[in-house]
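Accompanying notes for the structure given below.
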Amino acid sequence: MSEPTVKISRDEHVWSFDAERQPVVTVDPGTVIEIETWDCFTGQVQSESDTLEHLDLARVNSATGPIAVRGAELGDTLSVTLLDIRPGLKGAAMCIPEWGQLIDSVQSPTTRMFHVENGVVTMNENVSFPVRPMFGVVGVSPASGDISTFFADRHGGNMDDHVNGIGATIHLPVFQPGGQLAIGDMHASMGDGEISGTGVEIGGIGIIKVDLIKGKCGGWPITETADAFYTHGTSIGDLDEALKSACEEASKLLVDEWGFSREDAFMFLSVAGDLGIAQYCHPSPGSVIARMRVPKLRSNPTPFRL
């Protein structure tokens, strides 16, 4: 792995993706960057007595950046590869009042601290499991306006998809010059749905590489791994809408980039794809995020025909 040539402190962070935002640094495509991120609570949670009612909610979900990539223009793709994600030693998860499918059957607010060391997350003396680090917030500046890092949309943002982990490349459509990439909301582990509203929220270090694909972009963020690519769709609370958008985006790539007919794309996704839910902590005021896994074959080896 290449050594980072640029380092960005967690002190350089934003609370929203803003079409007018100026970058903290501008880099060339191919640059490897070390980013330091806060946990989603920005250091406010240090013990199990630090429950939600004690927090400044204006300081939730910071994202380190923004980073401009030289040459990125409207209609391009800013690709960020997560080369490494190194969580800290202590994380937290919560039950949040009025959030999540099981909230009526638990005591809330509740905070639990987790210890993270040597690739293992420890919840208590009886429960431990392998670390699965990922970033919840990965996005660029939107086409217009100012979107909180709490939400997800076509620019990315609070995507909360655990496939955005080590080795993944996230392809983001560019809406503003330079793209203005920002990343945060690290988790030592997070399950599909994130049903209580938190993963193991933790700060740490990420090593990323930024690249450009000129003249092509998806309608939504696309995550690429060694054996598949994942299209996304989001909504404010409407799961059916998010699921349909993820399917439509996958079909569009197969048709436009790889020459599938619409009927063949539809059937291929039905027999070989996997439609799933990345984020569905509802009820809550946040976004619903769906994804469609498209297996890589000779017929469609990447999201884009390059």
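Taking interchain pairs and intrachain pairs at least six residues apart, which have beta carbon atoms under 7 angstrom, with the first residue in segment 4-16 and in contact (Cβ under 8 Å) with a residue 40 or more places away in the chain and the second polar (S, T, N, Q) and part of a strand (DSSP E or B)?
Close Cβ pairs satisfying both conditions: 8/64; 10/37; 10/64; 12/64; 13/64; 15/148; 16/148.
Filter segment 8-27 for residues that are more than 24 Å from residue 145 (Cα to Cα) and either of a type in the set (Gly, Ala, Ser) or surrounded by fewer than 12 Cβ atoms within 10 Å (Cβ to Cβ) (or both) and give the result.
9
Out of the residues in segment 218-243 that are β-branched (Val, Ile, Thr) and farther than 13 Å from residue 295 by Cβ, which is surrounded by the fewest Cβ atoms within 10 Å (Cβ to Cβ)?
236
Looking only at segment 73-105, filter to residues that are acidic (Asp, Glu) and in contact (Cβ under 8 Å) with a residue 24 or more places away in the chain; which one of those is farthest from residue 161 (Cα to Cα)?
Checked segment 73-105; the qualifying residue farthest from residue 161 (Cα to Cα) is 73.
With the structure loaded, tell me whether residue 294 is part of a strand (DSSP E or B) and over 17 Å from the mean Cα position of the chain (by Cα) or whether it fails that test.
Against the criterion (part of a strand (DSSP E or B) and over 17 Å from the mean Cα position of the chain (by Cα)), residue 294 qualifies.
From 116, 137, 131, 106, which residue is in contact with a strand residue (DSSP E or B) (Cβ under 7 Å, 6 or more places away or on another chain) and closer than 19 Å to residue 277 by Cα?
Residue meeting the stated conditions: 137.
Residue by residue through segment 220-251, note down the ones that are within 16 Å of the chain's Cα centre (by Cα), small (Gly, Ala, Ser) and not in a helix (DSSP H, G or I).
Within segment 220-251, 233, 235 meet the criteria.
Test residue 286 against the stated conditions and say whether it is touching an Asp or Glu at 6+ places or on another chain (Cβ under 7 Å), surrounded by 17 or more Cβ atoms within 10 Å (Cβ to Cβ), in a loop (DSSP other than H, G, I, E, B) and of a type in the set (Gly, Ala, Ser).
Spelling it out, it is not the case that residue 286 is touching an Asp or Glu at 6+ places or on another chain (Cβ under 7 Å), surrounded by 17 or more Cβ atoms within 10 Å (Cβ to Cβ), in a loop (DSSP other than H, G, I, E, B) and of a type in the set (Gly, Ala, Ser).
Taking residue 30 as meeting all but one of (1) buried (at least 18 other Cβ atoms within 10 Å of the Cβ); (2) touching a residue at least 60 places away in the same chain (Cβ under 8 Å), write down the number of the exception.
(1)
Tell me whether segment 153-165 contains one or more residues that are touching a residue at least 60 places away in the same chain (Cβ under 8 Å), surrounded by fewer than 22 Cβ atoms within 10 Å (Cβ to Cβ) and within 23 Å of residue 8 (Cα to Cα).
Yes, the conditions are met somewhere in segment 153-165.
With crowded, with 16+ Cβ neighbours inside 10 Å and either in contact with an Asp or Glu (Cβ under 9 Å, 6 or more places away or on another chain) or at negative phi (or both) as the only criterion, which of 108, 128 stands out?
108
With the requirement that a residue be touching a His at 6+ places or on another chain (Cβ under 8 Å) and surrounded by 24 or more Cβ atoms within 10 Å (Cβ to Cβ), what does segment 138-151 give you?
139, 140, 141
Given the criteria of a type outside the set (Phe, Trp, Tyr) and exposed (fewer than 12 other Cβ atoms within 10 Å of the Cβ), does residue 53 qualify?
yes
Throughout, read-outs are computed from the coordinates displayed, never taken from laboratory work. Just so we're clear, the structure is a prediction, and the values are computed from it rather than from any experiment. Cβ atoms come from the backbone with ideal geometry, glycine included; neighbour counts cover every protein chain shown.
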